[in-house]
Amino acid sequence: MTEARARRRSRGGGGAARRAERGAVSFETAKYIERNIPNFEVLNEEAIETIEYNAETVLEEIGVNFVDNPAALERWKNAGADVKGERVHIPRGLARELIKTAPSQFTQHARNPAKSVEIGGRNLVLAPVYGPPFVRDAAGGRRYATMDDFNKFVKLAYMSKWLHHSGGTVCEPTDIPVNKRHLDMLMAHMTLSDKPFMGSVTEPSRAQDSVDMAGILFGEDFVQNNTVMTSLTNINSPMTFDDVMMGSLEVYAQNNQACIISPFIVGGAMAPVSVAGTLTQVLAEVLAGVAYSQVVRPGAPAIFGAFVSSIDMGSGAPTFGTPEASLVTYGAGQLARRLNLPFRSAGSFCGSKLPDAQAAYETANSLNMGLMSGVNFMLHSCGWLEGGLVADFEKFVMDADQLGALHGLAKGVPYDEDAQAMGAIREVGPGGHYLGCDHTQANFKTAFWKSDLLDYKPFETWEEEGARDTRQLATSRVEKLLADYQKPEMDAGIEEALNEYVAKKKASMPDSMT
């Protein structure tokens with residue numbers, strides 16, 4: 001606050017001070033969710049044991065492919081697997097034994113220690129959309145993403161109260177060469193935000209750049225002894241582990257950084273159409289992936305991932321927010337907890353082309369299944385559109401606002417003396433109202449979750465203010481957040497060292513679009 005502003009506020013006193021406080025720019029970030037509600041479980045003990053048995057049968061009898069990666073095949077041989085060509089057959093019980101060294105919960109440190117997160121246990125960490133090559137907003141429509149778009153999304157995530165994490169490739173900046181764009185994306189996360197972030201996985205050398213830049217930001221020794229990045233390691237379902245993803249996993253595991261081992265499941269295409277069959281394949285793939293991370297470095301943090309959608313059998317397009325995807329996600333959460341691993345799944349999934357009613361229905365179903373299934377790390381929690389092809393600015397703030405409702409629901413039902421409200425019930429008695437009673441006056445600011453976006457005004461007021469729909473309100477909120485953005489402070493020497501690293505790396509190689 002400037003001295004002049006301070007003087008003006010001082011002269012205003014009372015109501016003026018309160019109005020100024022309400023209008024001030026806020027950079028508050030809510031703490032990661034700590035659930036006080038039960039997980040929803042759909043599998044009984046017999047079903048779980050059957051799926052677990054079948055998954056180990058898959059690993060032993062069918063095996064998984066580790067392609068173009070001789071070093072991985074050698075590691076598996078030394079660990080006790082039967083390797084035939086590029087097919088790895090993992091004896092029953094071996095993968096389960098290997099993953100025992102993976103932590104059940106870990107801290108991902110942010111450069112602002114107050115925004116570090118705990119991944120695992122009863123916690124839920126929310127991160128934004130990841131990977132779309134296109135962006136959309138009300139003004140410009142659908143278009144290829146640029147670095148400017150990427151920076152705006154990082155700023156929005158930083159400004160969003162209910163997001164705990166800056167994410168990774170929030171959109172794919174297509175105006176930067178493929179072999180260099182990861183450097184710009186990492187710089188954006190490191191300098192435009194002080195929340196935790198994700199590393200690059202598109203090539204092992206880019207994973208190493210992520211580790212090196214994190215070493216500049218946090219200190220090399222700190223990185224080797226603490227987790228400062230998560231990374232998304234997708235499995236090429238069914239049961240194929242390619243050299244790019246595994247090469248990146250190897251870099252992160254060797255450097256004590258977390259990997260989300262995540263099968264990419266579109267039921268009916270990459271996995272069976274049945275829920276039990278899909279869960280069997282998901283478990284087999286996760287067991288193999290997490291076990292391999294522990295072969296590389298015992299104790300390296302790993303997350304049980306499950307990206308799940310069904311398929312439209314008419315068009316072949318993925319579908320979201322469906323009952324089948326929910327059942328797989330609930331079941332995967334149970335399997336993850338049985339393995340004592342953190343769980344990643346769910347998000348703001350939808351197949352809609354616009355942030356419309358279809359998007360809202362599907363997203364609400366997907367977000368709630370994530371909360372209820374016991375997810376610990378929710379990637380894609382806001383901004384997802386068109387089956388993940390598009391990161392939408394308006395939907396980003398719509399979803400980010402609704403994440404507040406998840407925080408509220410996760411609190412559960414307190415029943416302490418104040419929550420019992422017996423004094424209020426006695427005070428009001430039959431036929432009265434609670435608006436002016438002492439209990440309401442003491443609790444009204446925190447009693448109910450309040451949207452920062454949705455409109456609850458009377459019809460006449462809404463009409464006088466332009467009869468704006470939710471998308472129009474979201475456009476205004478995007479503009480306000482970006483206008484209010486203030487870059488978090490950073491040590492000038494660290495920022496200079498990061499810029500030097502990026503400049504040197506870019507100068508060392510020609511531009512490439514592959």
### Query
Which whole-percent values make up P(r) of region 45-157 when all C-alpha to C-alpha distances are grouped in 5 Å steps starting at zero?
2, 8, 11, 11, 10, 10, 14, 13, 12, 7, 2, 0
### Query
Which aspartates and glutamates have a Cα lying under 19 Å from the Cα of residue 31, excluding residues fewer than 8 positions away in the same chain?
118, 194, 399, 401, 452
### Summary
Note: region 161-317 at 20 °C, 1.002 mPa s; Kirkwood Rh on alpha carbon pairs; Stokes-Einstein D in µm²/s works out to 130
### Query
So what are the radius of gyration and Dmax for the Cα set of region 404-514, in Å?
25.5, 79
### Summary
Eigenvalues of the alpha-carbon gyration tensor of the chain, times 5 and square-rooted, give semi-axes in Å, largest first, of 40, 29, 22
## Note on the structure
Longest the chain segment clear of trypsin sites (Lys or Arg not before Pro) sitting in DSSP loops (not H, G, I, E or B) with at most 14 other Cβ atoms within 10 Å runs 93-410
### Distance between region 112-131 and region 425-479 - C-alpha centres, whole angstrom
29
### Task
At a Cα cut-off below 15 Å, give the aspartates and glutamates reachable from residue 77, other chains included and same-chain residues fewer than 8 away excluded.
60, 86
### On Cα atoms only, tilt of 470-484 relative to the major axis of the chain in degrees
90
### Query
Any idea how far apart residue 82 and residue 416 come out in nm if each label point goes 7 Å out from Cα toward Cβ?
5.9
### Query
Can you pull the three principal axis extents for the Cα set of region 357-416, in Å, largest first?
45, 19, 19
### Task
Please give the helix 243-254 orientation as an angle from the longest Cα principal axis of the chain, in degrees from 0 to 90, rounded to the nearest 10.
70
### Task
Compute the semi-axes of the equivalent ellipsoid of region 250-294, taking the square root of 5 times each eigenvalue of the Cα gyration tensor, and list them largest first in whole Å.
26, 10, 6
### Kirkwood Rh and Cα Rg combined as Rg/Rh, region 189-273
1.06
#### Entry: Degrees, to the nearest 10: 70-79 long Cα axis against longest axis of the chain
80
### Task
Taking chymotrypsin sites (Phe, Trp or Tyr not before Pro) as candidate sites, keep only those in a DSSP loop with at most 11 other Cβ atoms within 10 Å, then name the longest stretch of the chain containing none of them.
1-414
### Cα pair count fraction exceeding 23 Å, expressed as % - region 297-436
48
## Note on the structure
One checks the Cα atoms of region 226-338 and finds Rg and Dmax, in Å, of 14.4, 48
### Task
Just the ratio, please: alpha-carbon radius of gyration of region 411-471 over 2.2 N^0.38 Å, N its number of residues.
1.58
### Query
Under the Kirkwood approximation applied to all pairs of distinct alpha-carbon atoms, what is the hydrodynamic radius of region 148-192 in Å?
10.7
### Query
Along the three principal axes, how long is region 74-123 when you take its alpha carbons, biggest first, rounded to the nearest angstrom?
49, 22, 14
### Query
Can you give the helix-only mean residue ellipticity at 222 nm for the chain, where every DSSP H stretch with n ≥ 4 adds -39500 (n - 2.57) and the sum goes over all residues, rounded to the nearest 500 deg cm²/dmol?
-14500 deg cm²/dmol
### Query
Mind listing the phi-derived Karplus ³J(HN,Hα) values for region 423-431, rounded to whole Hz, using 6.51, -1.76 and 1.60 with θ = phi - 60°, and x for any glycine or proline?
x, 5, 5, 5, 4, 7, x, x, x
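Values in this text are rule-based calculations from the coordinates and carry no lab data. None of these values were measured; they are calculated from a predicted model. Cβ sites come from the backbone with ideal geometry, for glycine too, and all protein chains shown count toward neighbours.
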